[in-house]
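S.K.: Before anything else, here's the structure in question.
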Amino acid sequence: MKQINKKEILDFYKKHDSSTSPGRFGEYFKKLPSEINFLIKVVQSNLIHKYWLSRYNPISHQEILKLREIKTIKLILAKLFKYRKTSFLIENFNERKLVVTCRHFALFLCSLLRSKDVPVRIRFGFATYFSASTSKEYYEDHSICQYWDSKRKRWAYADPQLDDFQKKSLGINFDTTNLPYGKFYSAGEIWQKIIKGTIDEKNIGFSRIKGLTGGWYVGANMIKDFFALNNSPRLDFEGDNWEKYSKLFNKENKFLGQLAKITPSPDKHFDLLRNIFQNDLRNPEDAIGLIKNNKELKY
């Protein structure tokens, strides 16, 4: 297997992909400060999560721009620019917002950071802090960013969705630009916990919709994470599209086991991730075939 040095990996995650490239709006990004807390405020000033919408009293009376599908940052920025003109990158919490999901917060921050030459990748997995205020521990489907912290010389998780209101509501007192271990797990890490029997599958998934729980949902998220690690994030399909294949996602599946080994440590397995993507797994349909084949891939 080819040895990849750290610089090659960081350079790869500095590059925009088709979903993060801001296109003509890049000129506005250049004018912004590079500090991550500021960039997250920009994201939060423009987006609002659809499942938190009713909780914001001041914002609930604003005109909300609802979009069914937002696959690229260009579409997000075009909508924002149409209604907010040049103010769409100004921190103004009570302005009109696009109603989105967590992955679009991650997409926006990823685009901003890459425009500042910061290595960053979108990660698909499960967060533990959405159930922090209850007695039941739940691993909630979530997407965040993993960026290269140049001061600490390591990767760090940042959750751009968590504004001050959400942090207060959830009782969060940790740094959301540098999540402590155990607050977010990649889908591959959760799959490993399922195999070891250290986690109840009933407590993993998307709690707001009945049936979107369990191992098959984790497996689907792991495939999304794989695409994101290859700079090809699939924002156009949801976990429930995979439900009809749920019986394929069993703990003994060798291919899923392989993904669970390599996706939690993408730098260590970078060459293997790229080989699988370039040769065998280019789209969700390929994933079903590989799962059915039930074999580890060798190069």
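S.K.: Within region 282-299, which residues are of a type in the set (A, V, I, L, M, F, W, C) and in a helix (DSSP H, G or I)?
M.R.: If the condition is that a residue be of a type in the set (A, V, I, L, M, F, W, C) and in a helix (DSSP H, G or I), then ALA287, ILE288, LEU290, ILE291 are the ones that fit.
S.K.: Could I ask something else about it? Considering each of ASP141, ASP149 in turn, give the residue that is touching a Gly at 6+ places or on another chain (Cβ under 9 Å), closer than 21 Å to ALA228 by Cα and modelled with pLDDT of 95 or more.
M.R.: So the residue among ASP141, ASP149 that is touching a Gly at 6+ places or on another chain (Cβ under 9 Å), closer than 21 Å to ALA228 by Cα and modelled with pLDDT of 95 or more is ASP141.
S.K.: Going by the conditions given, is LEU65 hydrophobic (A, V, I, L, M, F, W, C) and modelled with pLDDT of 90 or more?
M.R.: Considered against the rule, which asks whether it is hydrophobic (A, V, I, L, M, F, W, C) and modelled with pLDDT of 90 or more, LEU65 comes out as no.
S.K.: Same structure, new question: Please name all residue pairs, on different chains or six or more residues apart, with Cβ atoms under 7 Å, provided the first residue is in region 249-268 and is within 15 Å of ALA228 (Cβ to Cβ) and the second residue is of a type outside the set (Ser, Thr, Tyr) and in a loop (DSSP other than H, G, I, E, B).
M.R.: Between residues of region 249-268 that are within 15 Å of ALA228 (Cβ to Cβ) and residues that are of a type outside the set (Ser, Thr, Tyr) and in a loop (DSSP other than H, G, I, E, B), the close pairs are ILE262/HIS269.
S.K.: ASP286: over 21 Å from PHE126 (Cβ atoms) and either modelled with pLDDT of 95 or more or among the charged types (D, E, K, R) (or both), yes or no?
M.R.: For ASP286, the condition - over 21 Å from PHE126 (Cβ atoms) and either modelled with pLDDT of 95 or more or among the charged types (D, E, K, R) (or both) - is met.
S.K.: Could you look through region 196-232, keep only residues that are of a type in the set (D, E, K, R) and touching a residue at least 60 places away in the same chain (Cβ under 8 Å), and pick out the one that is nearest to LYS50 (Cα to Cα)?
M.R.: Among those residues, the one meeting the criterion is ARG208.
S.K.: Please enumerate the residues belonging to region 101-127 that are of a type in the set (Ser, Thr, Tyr) and at pLDDT 95 or above.
M.R.: SER111, SER115
S.K.: Would you point out which residue out of ILE59, ILE48, ILE4 is out of contact with any helix residue (DSSP H, G or I) (no Cβ under 7 Å at 6 or more places or on another chain), among the β-branched types (Val, Ile, Thr), at pLDDT below 90 and surrounded by 11 or more Cβ atoms within 10 Å (Cβ to Cβ)?
M.R.: Only one candidate qualifies: ILE59.
S.K.: Listed residues GLN166, GLN192, GLN161; which is within 11 Å of the chain's Cα centre (by Cα) and either under 23 Å from TRP216 (Cβ atoms) or not acidic (Asp, Glu) (or both)?
M.R.: Of the residues listed, the single one that is within 11 Å of the chain's Cα centre (by Cα) and either under 23 Å from TRP216 (Cβ atoms) or not acidic (Asp, Glu) (or both) is GLN161.
S.K.: Looking at region 95-153, what strands (runs of 3 or more DSSP E) fall wholly within it and have at least 3 residues that are under 12 Å from the mean Cα position of the chain (by Cα)?
M.R.: 120-127, 139-149
S.K.: Then there is this: Please work out if SER265 is surrounded by fewer than 20 Cβ atoms within 10 Å (Cβ to Cβ) and hydroxyl-bearing (Ser, Thr, Tyr).
M.R.: For SER265, the condition - surrounded by fewer than 20 Cβ atoms within 10 Å (Cβ to Cβ) and hydroxyl-bearing (Ser, Thr, Tyr) - is met.
S.K.: Further question: Take SER186 and tell me if it is within 21 Å of the chain's Cα centre (by Cα), surrounded by fewer than 18 Cβ atoms within 10 Å (Cβ to Cβ), within 19 Å of ARG123 (Cβ to Cβ) and among the hydroxyl-bearing types (Ser, Thr, Tyr).
M.R.: The answer is no for SER186.
S.K.: Another question about this same structure. Filter region 157-175 down to the residues that are closer than 18 Å to LEU107 by Cβ and free of Cβ contacts under 8 Å to residues at least 60 places away in the same chain and list them by number.
M.R.: Correct list: TYR157, ASP159, LEU162.
The values are calculated or read from the model by the stated rules, or taken from the named source; none is laboratory data. All of these numbers come straight from a predicted model, not from anything done at the bench. Glycine also receives a Cβ, built like all others from the backbone with ideal geometry; neighbour counts cover every protein chain displayed.
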